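Where a number appears in this text, it was derived from the coordinates with a stated rule and is not lab data. Note that the structure is a prediction, hence the values are computed from the model and not measured. Neighbour counts run over all protein chains shown; Cβ positions are idealised from the backbone, glycine included.
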Amino acid sequence: TGVQTCALPIISYLRWAGIFGTIAIIILAMSSHLLPKYFALEQIASINTAAYIQLIHAVVLLALGFHTYPTKYLRIIAKLMSIGVCCFSFSIYLLVFNTISDISFVHFLWPITPIGGILLILSWAMIIINAKNLSFKADKK
């Protein structure tokens with residue numbers, strides 16, 4: 001039964017890592033080849049920043065997904081990172097893409113970006129604070 005309780009969160013972290021990584025690579029490829037035709041350099045820079053932040057956290061979620069002993073701290077960290085990436089990166093994508101599509105509901109998103117950033121900072125702070133509780137099996141030998 002211990003394997004079953006660990007398997008569900010691991011699949012979830014790995015799935016989120018895959019989703020975030022895939023989207024980030026697609027966005028970065030588009031920002032290199034397609035988007036310069038439609039956006040100013042400053043907007044491309046914003047898109048790239050959002051994609052890099054997303055990609056970095058995809059890799060972290062991938063590492064967390066391979067953690068042998070998921071704890072409540074690990075689940076909280078992964079949730080904060082996942083929600084933080086969604087708020088930070090996806091709000092930037094929507095705000096920038098809105099400049100060519102003018103989607104009316106997007107204008108309220110600007111405060112969501114810093115909220116996402118704060119959640120990402122909190123997730124990293126939790127790693128620092130709970131490092132002892134997040135040790136890997138190899139660390140216990």
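Assuming R0 = 22 Å, can you tell me the calculated FRET efficiency for the pair residue 130 and residue 15, based on Cβ-Cβ distance, to the nearest 0.05?
My answer for the efficiency is 0.45.
Give me the distance in nm between label points sitting 7 Å out from Cα along the Cα-to-Cβ direction at residue 59 and residue 32, one decimal.
Taking the simple label geometry, residue 59 and residue 32 are separated by 1.6 nm.
Quick one: Karplus J couplings for the stretch 43-60, per residue in order, coefficients 6.51, -1.76, 1.60, θ = phi - 60°, nearest Hz, x for Gly and Pro?
5, 4, 4, 5, 4, 5, 4, 4, 5, 5, 4, 4, 5, 4, 6, 5, 5, 5
Modelled label-to-label distance, residue 40 and residue 83, 7 Å Cα→beta-carbon offset: nm?
3.4 nm
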